[in-house]
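Read through the structure below, which is laid out as structure tokens, and then see the notes.
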Amino acid sequence: MGAGMVVAGLLVGGWAWSDESARSDAATPATSSAANSPSATTAALSARRVPKFLVAPQADRRLNNAIAPKLAALSDTSCFEVRDGERVIVSHGTDQALAVASNQKLLTAWVALEVLGADHTFTTRFATTAPIDGGVINGDLWIIGGGDPLLESDTYRSTFKWGKGAHTSIEAIADELAALGITAITGSVVGDDSFFDAERTVSTWPSRMLAQGQVGPLSALSVNDARTYSPIPGAGGGAQPASDPAAWAADAFTQLLSARGIAVGGAPASGQAPETTNTVLEIASRPVWQLLAQMLTFSDNNTAELLVKAIGREVSGEGSTAAGLVAMVDRLGGLGTDMSQISLLDGSGLDDGSRVTCDLILATLNGDDSDPDPSQGVLAAGLPTANGEVGTLRDRFHNSPGAGRVFAKTGTLRSVTALSGWAQAREERISFATVINTVGREVTGADTNAEDALAAALIDYPDSIDPALVGPSVPRP
């Protein structure tokens, strides 16, 4: 048998593993009879049907060569990695741990899926110390928070920059309470946020984070991200961080109940509910998979930080940031990546002292087992779409091949920009992670453009293969 025919026989077997059309061809045995002319052999070995293991080396080299100038222009404190499943296609600067800004939410999301589960919900409970008597609550109406990060009013949601995602409507809750026939509360509406600890921020955050509205005070009973947006249209009240989030939640519901004709005798307050209460109403949050989509699409810092506390409570019984971060590091270590340089100071990425590698980011993306194909899993589905209708990528990738084909988490601090997720390449989605630390200067548009260009370069992967390098030689007579 000629050398060319040996190659042909091997390739026919290879195609049997690559796609359905190849399986039908592979069912016909390859023979060395004279009927197998050189022209017939060449036609069967169309470059379009070359199996992946032959295409990949050439395609990888071409991609690396094409983006080499882009990578050379990045700062030394940057990393870029691309994977096709577990196979690394591009690796640049992946031995260093960097500040990743909101890309850290990918880690928080992955651990939340592992610890809490995609369908887990957080319950907000409304309770009294005595049964409702003729529509009257004799005493206080307690609101016992369970960690729902998205208790929001329509007035608050109208201020959102990137569009609106999942939430728990506090107006709808007030409607349900009114539908129970409640006409009066002789006491107060009282908020209880003891489900989590009383630490309202992360100690290492700059004070401007709270003042600028980057994150609200953290609380297990958080209405409008614990910022004082009145739920009553036109009522004003500003948007200051609530000094007592549980009392503010009670205030918001007092306003809503009063607007529905329910008389409330006392001023809103906070405290810890008695051990024995009568449940009037229970409200479940959106399931975790929807909370993650909202967090990733809109880069919601509050949701990220409250999920960290929820992780801590679930694992150790302590609803604190510290307990949650310990649990996160422990779970992330199970992904098999080098954790020696990893340092997590919060769950949102607001703290620029955290350190994460591109390798760990990709491990979380590819480690999402909510779907057999991680690129179709909960994390991937929750990412914003390049040049999409909502989310933090809405205003990027204009007139770019990446528009509608890049799905990625953004990350921005003064000296950090990051973009990690999935690119819809020619045949399948491939994962990528980009982190740029601009030490000594602030991030500019040139830096985010560089990120976008790297992601867009993945769309044509794998590019066309040179048939001469893999095609059969002409059989010798």
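Test Leu221 against the criterion of being under 27 Å from Ala310 (Cβ atoms), of a type in the set (A, V, I, L, M, F, W, C) and outside any helix (DSSP H, G or I), and give yes or no. Yes: the conditions hold for Leu221.
In segment 224-253, how many are of a type in the set (Gly, Ala, Ser) and assigned to a loop (DSSP other than H, G, I, E, B)?
Restricting attention to segment 224-253, the residues satisfying the condition of being of a type in the set (Gly, Ala, Ser) are 226, 230, 234-239, 242-243, 246-247, 249-250, 252.
If we keep only those that are assigned to a loop (DSSP other than H, G, I, E, B) too, we end up with 230, 234-239, 242-243.
Matching residues across segment 224-253 total 9.
Taking segment 381-426, which residues are of a type in the set (Gly, Ala, Ser) and closer than 21 Å to Thr444 by Cβ?
From segment 381-426, those of a type in the set (Gly, Ala, Ser) are 381-382, 386, 388, 391, 400, 402-404, 408, 411, 415, 418, 420-421, 423, 425; that's our starting set.
Result: Ala386, Ser400, Gly402, Ala408, Gly411, Ser415, Ala418, Ser420.
One residue stands out in segment 202-260 among those that are within 17 Å of Ser188 (Cα to Cα) and among the acidic types (Asp, Glu): the one that is surrounded by the most Cβ atoms within 10 Å (Cβ to Cβ), namely Asp251.
Condition first: touching a strand residue (DSSP E or B) at 6+ places or on another chain (Cβ under 9 Å) and outside any strand (DSSP E or B). Now tell me which residues in segment 77-88 satisfy that. Explain how you work it out, then say what you get.
Initial filter on segment 77-88 (touching a strand residue (DSSP E or B) at 6+ places or on another chain (Cβ under 9 Å)): 77-85, 88.
Result: Thr77, Gly85.
Filter segment 257-294 for residues that are under 34 Å from the mean Cα position of the chain (by Cα) and among the charged types (D, E, K, R); which is farthest from Gly145 (Cα to Cα)? Filtering segment 257-294 for residues that are under 34 Å from the mean Cα position of the chain (by Cα) and among the charged types (D, E, K, R), the one farthest from Gly145 (Cα to Cα) comes out as Arg286. Would you mind stating whether Leu210 is over 16 Å from Ile173 (Cα atoms), part of a helix (DSSP H, G or I) and assigned by TED's automatic domain parsing to the domain that holds Arg396? For Leu210, the condition - over 16 Å from Ile173 (Cα atoms), part of a helix (DSSP H, G or I) and assigned by TED's automatic domain parsing to the domain that holds Arg396 - is not met. Within segment 435-458, can you find the residues that are at pLDDT below 95 and of a type outside the set (Gly, Ala, Ser)? Result: Val439, single match.
Can you pull out every residue in segment 106-129 that is among the aromatic types (Phe, Trp, Tyr) and over 30 Å from Ser188 (Cβ atoms)? Listed by number, the list holds a single entry, Trp110. For segment 190-203, the criterion of being within 14 Å of Ala252 (Cβ to Cβ) and more than 27 Å from the chain's Cα centre (by Cα) is met by at least one residue.
Take the conditions (1) closer than 30 Å to Gly382 by Cα; (2) buried (at least 18 other Cβ atoms within 10 Å of the Cβ); (3) in contact with a Lys or Arg (Cβ under 9 Å, 6 or more places away or on another chain); Ala273 misses just one of them, which is (1). Can you confirm whether segment 178-186 contains a residue that is at pLDDT below 95, surrounded by fewer than 22 Cβ atoms within 10 Å (Cβ to Cβ), in a loop (DSSP other than H, G, I, E, B) and in the same structural domain as Thr228 (by TED's automatic domain parsing)? No, segment 178-186 has no match at all. The residues on offer are Lys70, Lys105, and the sole one that is outside the structural domain of Leu257 (by TED's automatic domain parsing), surrounded by 20 or more Cβ atoms within 10 Å (Cβ to Cβ), charged (D, E, K, R) and outside any loop (DSSP other than H, G, I, E, B) is Lys105. Do we have any residue at all in segment 172-195 that's touching a strand residue (DSSP E or B) at 6+ places or on another chain (Cβ under 9 Å) and within 19 Å of Ser299 (Cβ to Cβ)? No, because not a single residue in segment 172-195 is touching a strand residue (DSSP E or B) at 6+ places or on another chain (Cβ under 9 Å) and within 19 Å of Ser299 (Cβ to Cβ). For segment 254-312, filtering for residues that are in contact (Cβ under 8 Å) with a residue 40 or more places away in the chain and in a loop (DSSP other than H, G, I, E, B) leaves 18.
Taking segment 121-147 only, how many residues are over 31 Å from the mean Cα position of the chain (by Cα) and either among the hydrophobic types (A, V, I, L, M, F, W, C) or surrounded by fewer than 18 Cβ atoms within 10 Å (Cβ to Cβ) (or both)? Break it down stepwise before answering.
If we filter segment 121-147 for residues that are over 31 Å from the mean Cα position of the chain (by Cα), which is where we start, we get 127-142.
When the remaining residues are screened for being either among the hydrophobic types (A, V, I, L, M, F, W, C) or surrounded by fewer than 18 Cβ atoms within 10 Å (Cβ to Cβ) (or both), the result is 127, 129-139, 141-142.
Of the residues in segment 121-147, 14 are over 31 Å from the mean Cα position of the chain (by Cα) and either among the hydrophobic types (A, V, I, L, M, F, W, C) or surrounded by fewer than 18 Cβ atoms within 10 Å (Cβ to Cβ) (or both).
The values are calculated or read from the model by the stated rules, or taken from the named source; none is laboratory data. What you see is a predicted model; the values in this text were computed from it and never measured. Don't worry about glycine lacking a Cβ; one is built from the backbone with ideal geometry, like all the others, and counts go over all protein chains shown.
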